[in-house]
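Participant: Take this structure first; my questions come after.
Please treat every number below as a calculation from the coordinates, not as lab data. Treat the numbers as computed from the prediction; the structure is a model and nothing was measured. Cβ coordinates were reconstructed from backbone atoms using ideal geometry, including for glycine residues, and neighbour counts include every protein chain displayed.
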Amino acid sequence: MRVVVLGAAGQLGRELVRVLPSAETIPLARADLDVGDTRAVAARLDALRPDVVVNAVADNRVDVAEQDPAAATAINATAVGAIARACAAANAFLVHVSTDYVFDGRAHRPYAEADAPAPLGAYARSKLEGERLARLAPRHAIVRVAGLYARGGSRGKGGSFVDRVLARARAGEVLRVVDDQVTAPTWARDVAGTLAALLPRWAAGTAPGGIFHLTNAGACSWYAFARAVLQEAGVAATVEPITSAALAAPAPRPAYSVLADTRLAALGIPPLRSWDAALRAYLAAPD
Ligand SMILES: NC(=O)c1ccc[n+]([C@@H]2O[C@H](COP(=O)([O-])OP(=O)(O)OC[C@H]3O[C@@H](n4cnc5c(N)ncnc54)[C@H](OP(=O)(O)O)[C@@H]3O)[C@@H](O)[C@H]2O)c1
């Protein structure tokens, strides 16, 4: 099974490349293929003839997208259309990664795969449009994740949320963290592990495609998560809960974006462990 991983240098991409069999995995980072170049996407996927393409690329600059929605749309939507068309031409299975932000967060129970999206901001709209375009690949899965963290974080962010909390605490800063956004913080390694189990079945056509929700189980606010990080790591610091209104970020964010996985059990795949167990494992992991 030849698997192309797009966005291979990102948080999820790195974890996927780590877990997939190296002899059959083709990791492509931005320097190898700029997915904004739709002709290059078509040519490269045509040449590689993969069985599966995982698109872990995103323009995740949620706040920047409010000022520059075209940049987000180019990568999170238009490029996905090009990837999906190339997958269709190569008869490859497309696994496209999406987000909890497609929901507006007004629910009081976890969102199921079948719930209607209602994106709040420009980034979220671009990701929902990406989901629509991913369906141009006749064989596809749309995998929504949330609150991802991984060692090293995303480029330019100074480490993952967990590592930034620890760094600031150790520097003696008082931390102010939003307490009115509830999600499921998720270790990208856990998503990668479950995807590794699903990919061969998707490639072989023995598991159904469509939308999947993949997050660590349970939910908490970012404030509660920051406190858990400090407690688990044994680092003392003052953490103050603040509201999203006080933070005044340019992009609106869902107040409650917990995703319910209602499909894995039918495939005999266990749910991801709880967010606090995953956090402990992340903190204990040597790399
Ligand atoms: N992070 C979260 O909390 C979160 C939450 C919900 C959903 N998601 C979704 O999960 C997926 C993976 O997120 P992540 O946290 O792993 O993101 P990430 O760390 O930002 O990785 C995304 C990767 O995409 C690459 N990329 C951006 N523009 C590109 C282009 N034009 N051509 C090729 N590559 C390009 C980036 O390269 P550079 O490093 O060079 O910029 C980066 O390596 C995305 O679909 C995201 O929307 C993430």
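Participant: In nm, to one decimal, how far is the modelled label at Val174 from the one at Thr262, with both set 7 Å along Cα→Cβ?
Facilitator: Reported label-point gap for Val174 and Thr262 is 4.4 nm.
Participant: Please state the relative contact order of segment 14-114 as a whole percent: Cα pairs under 8 Å, 6+ residues apart?
Facilitator: Computed over segment 14-114, the figure is 31 percent.
Participant: Given a cut-off of under 8 Å on Cα pairs at least six residues apart, what relative contact order in percent is computed for segment 134-195? Before the final figure, lay out the partial values.
Facilitator: Details: 42 pairs, mean separation 23.4, N = 62.
Result for segment 134-195 is 38 percent.
Participant: For segment 88-104, in order, what is each residue's ³J(HN,Hα) by Karplus, 6.51 cos²θ - 1.76 cosθ + 1.60 with θ = phi - 60°, in whole Hz (x at glycine and Pro)?
Facilitator: After applying 6.51 cos²θ - 1.76 cosθ + 1.60, I find 4, 5, 8, 6, 8, 8, 9, 9, 10, 9, 10, 9, 4, 5, 5, 9, 7 Hz.
Participant: Another question, if that's okay. Using a simple charge model, +1 on the beta-carbon of Lys and Arg, -1 on the beta-carbon of Asp and Glu, nothing else, what dipole does segment 91-136 show about its Cα centre, in debye to the nearest 20?
Facilitator: 60
Participant: Enter the mean projected area of the convex hull around the alpha-carbon atoms of segment 113-160, in nm², rounded to one decimal.
Facilitator: Its average projected convex-hull area is 4.8 nm².
Participant: Once the Cα gyration tensor of segment 132-203 is diagonalised, what are the square roots of 5 times its eigenvalues, in whole Å and ordered largest first, as equivalent ellipsoid semi-axes?
Facilitator: 33, 14, 11
Participant: Rounded, prolate or oblate: which one fits segment 28-113, using the alpha carbon gyration tensor with axes a ≥ b ≥ c (rounded when a/c is under 1.5, else prolate when a/b beats b/c, else oblate)?
Facilitator: In terms of gyration-tensor shape, oblate.
Participant: Moving to a separate point now. Pick out, from Ser154, Leu247, Ser22, the residue whose Cα sits farthest towards the positive end of the charge dipole of the chain, with +1 on the Cβ of Lys and Arg and -1 on the Cβ of Asp and Glu.
Facilitator: In the chain, that residue is Ser22.
Participant: Whose amide H sits under 5 Å from the amide H of Phe93, counting only residues 5 or more places off or on another chain, with H placed in the peptide plane?
Facilitator: Excluding prolines and chain starts, which carry no amide H, the hits are Val52, Val53.
Participant: For Leu166, what charge total do you get from the other residues with a beta carbon under 15 Å from its beta carbon, if Lys and Arg give +1 and Asp and Glu give -1?
Facilitator: +4
Participant: With 10 angstrom as the radius, rank Thr243, Thr25 by how many other C-beta atoms surround their C-beta, starting from the fewest.
Facilitator: Numbers: Thr243 11, Thr25 21.
So the residues, fewest neighbours to most, are Thr243, Thr25.
Participant: Report the paramagnetic label zone for Ala112: residues of segment 256-279 whose backbone N is under 14 Å from a point 7 Å from Cα along the Cα-to-Cβ axis.
Facilitator: Counting backbone N atoms under 14 Å from the label point, the list is 259-266.
Participant: Any idea what the dipole of the chain comes to, in debye rounded to 20, about its Cα centre with Lys/Arg Cβ at +1 and Asp/Glu Cβ at -1?
Facilitator: 380
Participant: Under a no-solvent Debye model with one identical scatterer per Cα of the chain, what's log10 I(q)/I(0) at q = 0.09, 0.13 Å⁻¹?
Facilitator: Treating every Cα as an identical point scatterer, log10 I(q)/I(0) equals -0.40, -0.87.
Participant: When the Cα centres of segment 129-159 and segment 210-253 are compared, how far apart do they sit, in Å?
Facilitator: 19
Participant: Assuming a ≥ b ≥ c are the square roots of the Cα gyration tensor eigenvalues, decide whether segment 210-287 counts as rounded (a/c under 1.5), prolate (otherwise, with a/b larger than b/c) or oblate.
Facilitator: The shape class here is oblate.
Participant: How big, on average over all directions, is the shadow cast by the Cα convex hull of segment 95-219, in nm²? Walk me through the numbers on the way to the answer.
Facilitator: Values: hull surface 36.5 nm².
Averaged projected area of segment 95-219's Cα convex hull equals 9.1 nm².
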